[in-house]
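Participant: Just passing along the structure, written as structure tokens.
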Amino acid sequence: MPKHEVVVVGAGLAGQRAALAAVEAGKDVALISKLHPLRSHSGAAQGGINAAVGAEDSVETHIYDTVKGSDYLGDQDAIEFFCQRAGPTVIEMEHFGTVFSRADDGSLARRAFGGGAFPRTIYAADRTGLALLQALWERLGTEDFTLYEEWDVTNFVVREGRVQGLVGFDRRRGTFDEIAAPAVVVATGPFGRIYGRTTNAHSCTGDGTAAAYAAGAQLKDLEFVQFHPTALLESGILITEGARGEGGILKNAQGERFMARYAPHVLELASRDVVSRAIVTEVAQGRGFTGPYGGYVHLELMHLGRERVESRLQEIVDFSRHFAGIDPVTQPIPVYPAQHYMMGGIGTTIQGATNIPGLFAAGEAACVSIHGANRLGGNSLLETLVFGKEAGAAAAAYVDRAPAPAMRETDLEAATGPIRIWSARTEGEDPSALRAEMQAVMERYVGIYRNEADLLEGLKRIRALKKRFQFVRVVDRSSVYNLNVSDAVETGHMLELAEVIVVGAYARTESRGAHSRTDYPKRDDAHWMKHTIATRTPNGPALTYAPVAYTRWEPKERVY
């Protein structure tokens with residue numbers, strides 16, 4: 001049985017930064033990934049990373065913009081910590097070799113993003129996530145660590161009140177194995193594949209978040225699901241907010257720049273929840289375009305000129321030409337919102353600690369909470385690096401005082417028991433079919449606009465799917481790259497998380513940030529200025545609540 005001091009699950013930006021911090025602290029570190037690290041979903045982030053580096057900007061303004069963007073549900077102590085480390089983090093990544101775009105005077109180029117009082121989003125064309133990922137992977141590659149590639153983590157082993165290790169499925173060998181470790185960092189990213197229309201990669205199934213939940217970790221604020229306003233109509237591929245930051249404008253079928261109705265001061269650069277609701281409203285009220293893939297609006301870049309569009313939005317040009325058959329230099333891009341980001345996740349401290357000793361989390365799998373009810377664009381890449389570093393360092397420090405892990409043979413038996421049952425069945429449910437039904441339910445009943453009747457129906461359907469999942473069948477008997485097993489494991493994880501999302505959304509009888517209830521259209525600070533905490537029970541998630549941390553900014557109306 002392999003043994004390590006710190007095991008990091010997930011090899012995107014948060015996971016790699018955690019691993020680097022733990023290695024630099026002198027620990028024996030393992031990094032587990034279901035993909036090659038350079039294929040991690042962090043590489044899909046396009047627009048940029050926020051830092052207040054300009055003379056006209058300030059850390060204080062970045063803090064306030066983030067607090068306001070969160071609809072005052074973000075913990076202000078965490079937000080202050082986060083924004084204060086933005087500049088040093090960007091400088092560190094540049095020193096690691098990230099090639100950022102430059103202004104004419106040689107300084108770091110910056111573009112405007114929604115919800116920001118100043119242009120503070122530093123970028124590498126529209127491939128910022130990939131540029132950061134490549135630089136960090138090269139830096140981590142100079143250190144000594146163990147990589148477990150193409151592994152699915154199925155279970156975290158918690159006994160005697162602390163982490164003992166984990167069980168994972170090695171796709172290449174087709175075997176389940178134990179890894180003993182006193183400290184585990186969960187950095188498995190988002191779980192947007194719960195929804196059918198999403199900008200998330202197919203690998204974004206929330207395995208680490210769900211495994212932590214099953215082990216007793218508390219999940220925080222999962223009802224807050226961000227929809228990105230601009231995704232390609234047919235495919236759901238992300239069209240970066242940087243397109244609007246460069247001057248792109250939204251128009252409806254009547255030729256109106258309709259954001260003037262919803263955010264008259266900042267127009268297309270309002271926060272993502274505001275712009276998403278505006279697009280949905282335009283289409284619902286008959287002012288959108290119609291086509292075989294549903295209603296949509298236009299994102300226009302033509303007025304920016306060929307040189308600016310092709311140099312600063314290279315990936316958007318490629319995506320539009322190859323996946324939509326249009327040239328954004330001369331034609332408008334058909335767009336409609338798609339699920340994009342999870343504000344909620346495993347509840348953690350600023351240092352990444354969870355309610356389970358030895359279990360840490362960072363990145364989109366975690367909830368510190370800095371995003372509250374709505375994340376500002378440009379803050380997610382920064383989050384992975386700032387809190388990945390903190391979690392890795394905290395996990396390394398924990399190892400110094402933790403007892404040695406004590407895995408048992410029964411741990412592997414218990415973890416693999418369900419898979420043996422699935423594989424022994426001669427008839428049963430197809431995990432892919434269950435996944436597709438779950439995605440349709442979440443799209444229909446737990447979308448941008450919500451109400452009691454829809455949420456109750458959605459919960460009924462998700463719980464029915466969970467019951468059917470008890471009879472899931474794995475038909476593939478292959479021992480190598482058995483993706484039928486992976487599919488079943490992932491589907492089970494997503495159904496667990498979907499239930500938490502719906503239960504939390506039903507309970508929160510207000511509208512705040514990305515959680516918009518048509519039956520409770522107002523924000524209710526008197527009753528709902530608090531975080532939702534979900535704990536797993538045999539009967540589903542049990543909800544409790546925790547206060548929001550305040551420092552200086554009292555809630556007020558959020559307008560743009």
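Participant: Limited to the stretch 342-375, what total is found for residues that are under 20 Å from Ile49 (Cβ atoms) and surrounded by fewer than 24 Cβ atoms within 10 Å (Cβ to Cβ)?
Facilitator: Qualifying residue count, the stretch 342-375: 1.
Participant: Here is a follow-up. Yes or no: Glu510 farther than 22 Å from Gly216 by Cβ, open to solvent by 30 Å² or more (accessible area, probe 1.4 Å), among the acidic types (Asp, Glu) and in a loop (DSSP other than H, G, I, E, B)?
Facilitator: no
Participant: Looking at Ala21, Ala11, which one is at pLDDT 95 or above, crowded, with 22+ Cβ neighbours inside 10 Å and part of a loop (DSSP other than H, G, I, E, B)?
Facilitator: Ala11
Participant: Take the residues in the stretch 38-54 that are small (Gly, Ala, Ser), in a loop (DSSP other than H, G, I, E, B) and in contact with a strand residue (DSSP E or B) (Cβ under 8 Å, 6 or more places away or on another chain), then tell me which one is nearest to Phe100 (Cα to Cα).
Facilitator: So, considering only residues that are small (Gly, Ala, Ser), in a loop (DSSP other than H, G, I, E, B) and in contact with a strand residue (DSSP E or B) (Cβ under 8 Å, 6 or more places away or on another chain), the one nearest to Phe100 (Cα to Cα) is Gly48.
Participant: Only one residue in Glu437, Glu413, Glu409, Glu427 is touching a residue at least 40 places away in the same chain (Cβ under 8 Å) and closer than 29 Å to Lys466 by Cα. Which one?
Facilitator: Answer to the selection: Glu427.
Participant: Could I ask something else about it? If Asp177 passes every condition in (1) free of Cβ contacts under 8 Å to residues at least 60 places away in the same chain; (2) more than 30 Å from Ala338 (Cβ to Cβ) but one, which one does it miss?
Facilitator: (1)
Participant: Now for a different question. Look through the stretch 56-93, keep the residues that are acidic (Asp, Glu) and over 24 Å from the mean Cα position of the chain (by Cα), and return whichever of them is surrounded by the fewest Cβ atoms within 10 Å (Cβ to Cβ).
Facilitator: Top of the filtered list is Glu56.
Participant: So, of the residues in the stretch 107-135 that are of a type in the set (D, E, K, R) and under 20 Å from the mean Cα position of the chain (by Cα), which turns out to be surrounded by the most Cβ atoms within 10 Å (Cβ to Cβ)?
Facilitator: Among those that are of a type in the set (D, E, K, R) and under 20 Å from the mean Cα position of the chain (by Cα), it is Asp126.
Participant: Report yes if Leu233 is open to solvent by less than 50 Å² (accessible area, probe 1.4 Å) and under 24 Å from Gln314 (Cα atoms), otherwise no. Working first, answer last.
Facilitator: Numbers: open to solvent by less than 50 Å² (accessible area, probe 1.4 Å): yes; under 24 Å from Gln314 (Cα atoms): yes.
So Leu233 fits the description; yes.
Participant: Confirm whether Ala217 is within 25 Å of Arg512 (Cβ to Cβ), assigned to a loop (DSSP other than H, G, I, E, B), open to solvent by less than 10 Å² (accessible area, probe 1.4 Å) and not polar (S, T, N, Q).
Facilitator: Working: within 25 Å of Arg512 (Cβ to Cβ): yes; assigned to a loop (DSSP other than H, G, I, E, B): yes; open to solvent by less than 10 Å² (accessible area, probe 1.4 Å): yes; not polar (S, T, N, Q): yes.
Yes; evaluated as a whole, the condition is true for this residue.
Participant: Only one residue in Phe82, Phe100 is modelled with pLDDT of 95 or more, aromatic (Phe, Trp, Tyr), within 30 Å of Leu147 (Cα to Cα) and not in a loop (DSSP other than H, G, I, E, B). Which one?
Facilitator: Exactly one of Phe82, Phe100 is modelled with pLDDT of 95 or more, aromatic (Phe, Trp, Tyr), within 30 Å of Leu147 (Cα to Cα) and not in a loop (DSSP other than H, G, I, E, B), namely Phe82.
Participant: For the stretch 94-106, name all the residues that are among the small types (Gly, Ala, Ser) and exposed (fewer than 15 other Cβ atoms within 10 Å of the Cβ).
Facilitator: Gly97, Ala103, Gly106
Participant: Just give me the residues in the stretch 367-425 being out of contact with any strand residue (DSSP E or B) (no Cβ under 8 Å at 6 or more places or on another chain), within 20 Å of Ala183 (Cβ to Cβ) and among the hydroxyl-bearing types (Ser, Thr, Tyr), in sequence order.
Facilitator: Scanning the stretch 367-425 gives a single hit, Thr384.
Participant: Looking at the stretch 256-282, which of its residues are over 29 Å from the mean Cα position of the chain (by Cα) and either over 17 Å from Arg244 (Cβ atoms) or in a helix (DSSP H, G or I) (or both)?
Facilitator: Passing the criteria: Ala260, Arg261.
Participant: Right, next: Taking the condition of being farther than 18 Å from Gly115 by Cβ, of a type in the set (S, T, N, Q) and open to solvent by less than 10 Å² (accessible area, probe 1.4 Å), how many residues in the stretch 236-266 meet it?
Facilitator: 1
Participant: May I ask you to verify whether Asp105 is more than 29 Å from Glu223 (Cβ to Cβ) and in a loop (DSSP other than H, G, I, E, B)?
Facilitator: Yes.
Participant: Checking Ala51 against (1) more than 16 Å from Phe387 (Cβ to Cβ); (2) buried (at least 24 other Cβ atoms within 10 Å of the Cβ): exactly one of these is not met. Which one?
Facilitator: All conditions are met except number (1).
Participant: Inside the stretch 383-439, can you point out the residues that are modelled with pLDDT under 95, within 31 Å of the chain's Cα centre (by Cα), among the aliphatic types (A, V, I, L, M) and surrounded by fewer than 19 Cβ atoms within 10 Å (Cβ to Cβ)?
Facilitator: Answer for the stretch 383-439, where residues must be modelled with pLDDT under 95, within 31 Å of the chain's Cα centre (by Cα), among the aliphatic types (A, V, I, L, M) and surrounded by fewer than 19 Cβ atoms within 10 Å (Cβ to Cβ): Leu412, Ala414, Ile419.
Participant: For the stretch 371-383, does any single residue satisfy the condition of being in a strand (DSSP E or B) and touching a residue at least 24 places away in the same chain (Cβ under 8 Å)?
Facilitator: no
Participant: Among the residues of the stretch 512-553, which ones are among the charged types (D, E, K, R) and in contact (Cβ under 8 Å) with a residue 40 or more places away in the chain? Even if it seems obvious, please write down each step before you answer.
Facilitator: As a first pass, look at the stretch 512-553 and keep what is among the charged types (D, E, K, R): 512, 517, 519, 522-525, 530, 536, 552.
Passing the criteria: Arg512, Arg517, Asp519, Arg523, Asp525, Arg536, Arg552.
Participant: Also: From the list Gln339, Gln314, Gln285, Gln331, pick out the single residue that is surrounded by fewer than 19 Cβ atoms within 10 Å (Cβ to Cβ), under 25 Å from the mean Cα position of the chain (by Cα) and either at pLDDT 95 or above or more than 30 Å from Tyr398 (Cα to Cα) (or both).
Facilitator: Answer to the check: Gln314.
Participant: For the stretch 89-105, check the following and say yes or no: at least one residue is within 23 Å of Tyr560 (Cβ to Cβ) and not aromatic (Phe, Trp, Tyr).
Facilitator: no
The values are calculated or read from the model by the stated rules, or taken from the named source; none is laboratory data. Just so it is clear, the structure is predicted and the values come from calculations on it, not from any experiment. Quick reminder, even Gly has a Cβ in these numbers, built from the backbone with ideal geometry, and neighbours come from all protein chains shown. For accessibility, only protein heavy atoms count, side chains too; no ligands or nucleic acids. Shrake-Rupley method; radii C 1.70, N 1.55, O 1.52, S 1.80 Å.
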